[in-house]
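Heads up, the thing below is written out as structure tokens.
All of the numbers you see were taken from the coordinates with simple rules; none came from a lab. Because the structure is a prediction, the values reported are computed rather than measured. Because the Cβ atoms are built from the backbone with ideal geometry, glycine has one as well, and the counts that use them run over all protein chains shown.
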């Protein structure tokens, strides 16, 4: 059975977080675009980390029975796009993310709160 968009988003956020992705943002682009319902945007500090985040997301989706339609940019590791039909993931290195600034391009898209999808972090 296919995952709902909410479940798929949660799986991807958790997988990205497990590889220490930072600045995870989920945008609800459904009212603005026919391309997808949501974008998940996150960053890694290096091409190795960007690839590790993409690998973790792909592995977790596969375990959940969801096979991405396409993966682009993996060889370079500066911007990896994973197309999951209703959810498109953009995994950037910091410099490339700053340059393309997708959050600004899609600034009319409502943000979906990510904190509620992540496990609680212990306070010191």
Sites residue 62 and residue 22 - FRET efficiency at Förster radius 25 Å, r taken between beta-carbons, to 0.05:
0.55
Per-residue Cβ contact counts at 10 Å, fewest first, order 39, 92, 99 as 99, 39, 92
Counting only DSSP beta bridges with both residues in the stretch 5-113, what percent are antiparallel, rounded to the nearest 5?
70
How many angstrom separate the Cα center of the stretch 1-69 from the Cα center of the stretch 84-98?
9
Options [x] 14, 48, 34, 5, 0; [y] 12, 32, 32, 21, 3, 0; [z] 14, 37, 32, 15, 3, 0 - which one matches P(r) over Cα pairs in 10 Å bins from 0, in percent as calculated here
[x]
For the chain, set up a Gaussian network in which alpha carbons nearer than 10 Å are linked by springs, and say which option among 77, 65, 44 fluctuates the most.
65
Once label points are set 7 Å from the Cα along Cα→Cβ at both residue 83 and residue 98, what is their separation, rounded to one decimal in nm?
3.0
Taking neighbour Cβ counts within 10 Å as the exposure measure, how do 62, 9, 96 sort from fewest upward?
62, 96, 9
Counting other beta carbons within 10 Å of each residue's own, what order do 35, 26 fall into, fewest first?
35, 26
